[in-house]
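Have a look at the structure below before the remarks.
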Amino acid sequence: MKYFEPNEILEPSYGNSLYWQRRLMSPTILTVGDQYREEYGKTFINTPWNGIYKDSGIRNIKSFMRMNPDKDIKDFDLWRSAHPRGRALDLKPQEHSVEKVFKDILENSKFWFKLGLRRLEAIELTTSDPNISSDGWNHLDDVETGLDDLIVITYKNAYTIEQYKEIRDKIWLMETI
Ligand SMILES: [Zn+2]
C-alpha cells in the first residue's frame, strides 16, 4: 500500500511482511484504504508502535482468542466476518470524526463503489459517541452483495443507504442490533 506498512494491516504474528500482505489481503480493500487516507488524511489501522490495535485488518485465530477471551475456539467463525478473509479494514480517522467520514462516504457512494468498496458497518457498532473526534473506526469491506451501491450492515441486518438514513432519523441503531 502507498500509505500503510504491512504490519498496520496484518495480525502481529505475520510481522511486517509484504509477502503475507499480498497472500492474505484482497488488493481491492487495500486500494480502498489508500483512497481513504488520500481523502481523510492521517489514519490509523493497526498500531504496531503502541500495540493497542492488532486486529483491524486481517484476523486469525489469535485475533479471535484476543478479542473473545471467554469464548471457545470452536466458536471461531471464519466466514462471519470479512476480516479473516482479508477483505476488511477498520480505519481510524485522526483528523475527522468517524461519523463525518461515514456520511461523506455514503454521500459519494458511487465513487467508492466503483473503487471496489461494498459494505460499511453502521457506526453504532464502531463508535461510542459520533461527536467525539477520532473515537472509534470506520469498518469498510469489499464483500460482494449483488447490489449496485454500497450497503450499511449491522450484526443481523443489512440496509440500503436510503433505508439506513430513514432509520437513523428515528433511532440510534444500537436498539436493533
Ligand atoms: Zn471491521
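What follows draws every value from the coordinates through simple rules; no lab data is involved. Everything numeric here is computed off the predicted structure, so don't read it as measured data. All Cβ positions, even for glycine, are placed from backbone atoms using ideal geometry, and neighbour counts span all protein chains on display.
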>> Going residue by residue through region 94-104, is there one that turns out to be surrounded by 15 or more Cβ atoms within 10 Å (Cβ to Cβ), within 12 Å of the ligand (Cβ to nearest atom) and acidic (Asp, Glu)?
In response: no
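Return a yes/no flag: does region 106-113 have any residue that is among the basic types (Lys, Arg) and either within 17 Å of residue 53 (Cβ to Cβ) or not in a loop (DSSP other than H, G, I, E, B) (or both).
Residues of region 106-113 among the basic types (Lys, Arg): 110.
Pick out the ones that are also either within 17 Å of residue 53 (Cβ to Cβ) or not in a loop (DSSP other than H, G, I, E, B) (or both) and you get 110.
Among the residues of region 106-113, at least one is among the basic types (Lys, Arg) and either within 17 Å of residue 53 (Cβ to Cβ) or not in a loop (DSSP other than H, G, I, E, B) (or both), which makes the answer yes.
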Expected output for region 88-108 (first residue over 22 Å from residue 58 (Cβ atoms), partner part of a strand (DSSP E or B) and away from the ligand (no atom under 16 Å from the Cβ), Cβ below 7 Å, 6+ apart or cross-chain) is none
When region 66-78 is checked residue by residue, the ones that are more than 21 Å from residue 46 (Cα to Cα) and within 15 Å of the ligand (Cβ to nearest atom) are 77
Among 87, 119, 80, the single one that is out of contact with any helix residue (DSSP H, G or I) (no Cβ under 6 Å at 6 or more places or on another chain) and buried (at least 19 other Cβ atoms within 10 Å of the Cβ) is 119
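Could you check how many residues of region 63-105 are hydrophobic (A, V, I, L, M, F, W, C), farther than 26 Å from residue 164 by Cα and not in a helix (DSSP H, G or I)? So that I can check it myself, show each step before the final result.
Pass one, region 63-105, residues hydrophobic (A, V, I, L, M, F, W, C): 64-65, 67, 73, 76, 78-79, 82, 88-89, 91, 98, 101-102, 105.
With farther than 26 Å from residue 164 by Cα added as a condition, the list becomes 64-65, 67, 73, 76, 78.
Those still in the list that are not in a helix (DSSP H, G or I) too: 76, 78.
Going through region 63-105 one residue at a time, the tally reaches 2.
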